[in-house]
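J.: Pasting a structure here, questions to come.
The values are calculated or read from the model by the stated rules, or taken from the named source; none is laboratory data. In this text, all values refer to a predicted model and were calculated from it rather than measured experimentally. In this analysis, Cβ positions are derived from the backbone assuming ideal geometry, glycine residues included, and neighbour counts consider all displayed protein chains. Remember, those area values only see protein heavy atoms, side chains included, never the ligands or the DNA or RNA. Shrake-Rupley method; radii C 1.70, N 1.55, O 1.52, S 1.80 Å.
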Amino acid sequence: MSTSLDDTQKPAQSAQTPAGPRIPASPHPLDNPAWAALTGPHRGLAERVGSAARYPEDVSPFVALADAGDPAAWDDLAALMGPGATFALAGVGSVPDGWRTEWSGAGVQLVATDALRSATDPEAVVLGPADVPEMLGLVERAKPGPFKPRTIELGAYYGIRRDGKLIAMSGERLRLDGWTEISAVCTDEAHRGQGLATRLVRHTAAGIRERGDVPFLHAAAANTNAVRLYESIGFVLRRTTHFQAVRVPGGEEGEDGEA
């Protein structure tokens, strides 16, 4: 069994920050954002079996369960993924016997408050399918988190170029009713310290707010510099969570997970 800092199994308390959105008590879409996205605005991309859903592999590695405490949902997930498949799962504290956690890490979920100043940036350009190879190259260098060849289909992505080269980007990943996640925020190492990430986050937030959604994001808890940056520009911690790579029983290994 895996352990985590995750509090998704606990009722969330209503929260009101002085300059932020009111977060209602559970159940709330942000408690299970991937499921809310895959059964909401992103349902057209979803591959689903009963109480389990996933994005196509070349869009995102994340899968979701309607209720991680329901054994039938894990059965649906096994049928969806297939024996021996490995995938990314967020916000689940433990996996059933026979399943294996290959990797796990603590994370944080932050939501935008009114203190976040959203503004379009004159240097930001819309990124499209033709830019994907360059985006993948930037992600490989900067390592902001999972980004696949079709991730761009999840929402709007923006970049900043210098001398024609893509040096920074930001975009939209999970989209829920009323909420949109800002993701893939990264800057080439040679151009860090210039405030490019902040500018692109504000630019991305402007588009999200224009359609009436509230921006939110996730970050690795260990990435304290990023967390401090987000908090300094107007995001507030909503909850701790954790991310893990999980393997379905079976496949090339025995049902007990032994080779």
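J.: Which residue pairs have Cβ atoms closer than 9 Å, lie 6 or more positions apart in sequence or on different chains, and pair a first residue in the range 141-168 that is within 17 Å of residue 62 (Cβ to Cβ) and of a type in the set (Val, Ile, Thr) with a second residue that is assigned to a strand (DSSP E or B) and open to solvent by 20 Å² or more (accessible area, probe 1.4 Å)?
T.: 151/173
J.: Related question: So residue 209 ticks every box in (1) at pLDDT below 95; (2) closer than 11 Å to residue 116 by Cβ but one. Which box is left unticked?
T.: Here residue 209 clears every test but (1).
J.: When the range 98-141 is examined, which residues are found to be in contact with a Pro (Cβ under 6 Å, 6 or more places away or on another chain) and under 19 Å from residue 180 (Cα atoms)?
T.: Residue satisfying the conditions is 112 alone.
J.: Quick one: which of 190, 226, 197, 205 is hydrophobic (A, V, I, L, M, F, W, C), over 18 Å from the mean Cα position of the chain (by Cα) and not in a strand (DSSP E or B)?
T.: Only one candidate passes the filter, namely 190.
J.: Let me ask another. Could you check, for the range 248-256, whether at least one of its residues is among the small types (Gly, Ala, Ser), surrounded by fewer than 17 Cβ atoms within 10 Å (Cβ to Cβ), closer than 30 Å to residue 99 by Cα and free of Cβ contacts under 8 Å to residues at least 12 places away in the same chain?
T.: yes
J.: Return the residue satisfying two criteria in turn: it lies in the range 151-187 and is of a type in the set (D, E, K, R) and surrounded by fewer than 16 Cβ atoms within 10 Å (Cβ to Cβ), and of such residues it is farthest from residue 127 (Cα to Cα).
T.: In this case the residue turns out to be 177.
J.: Please verify whether residue 92 is farther than 21 Å from residue 44 by Cβ and at pLDDT below 95, treating the condition exactly as stated.
T.: yes
J.: Moving on. What number of residues in the range 101-149 are part of a helix (DSSP H, G or I) and either open to solvent by less than 60 Å² (accessible area, probe 1.4 Å) or within 27 Å of residue 32 (Cβ to Cβ) (or both)?
T.: Of the residues in that region, 8 qualify.
J.: From 190, 197, grab the single residue that is open to solvent by 60 Å² or more (accessible area, probe 1.4 Å) and hydrophobic (A, V, I, L, M, F, W, C).
T.: So the residue among 190, 197 that is open to solvent by 60 Å² or more (accessible area, probe 1.4 Å) and hydrophobic (A, V, I, L, M, F, W, C) is 190.
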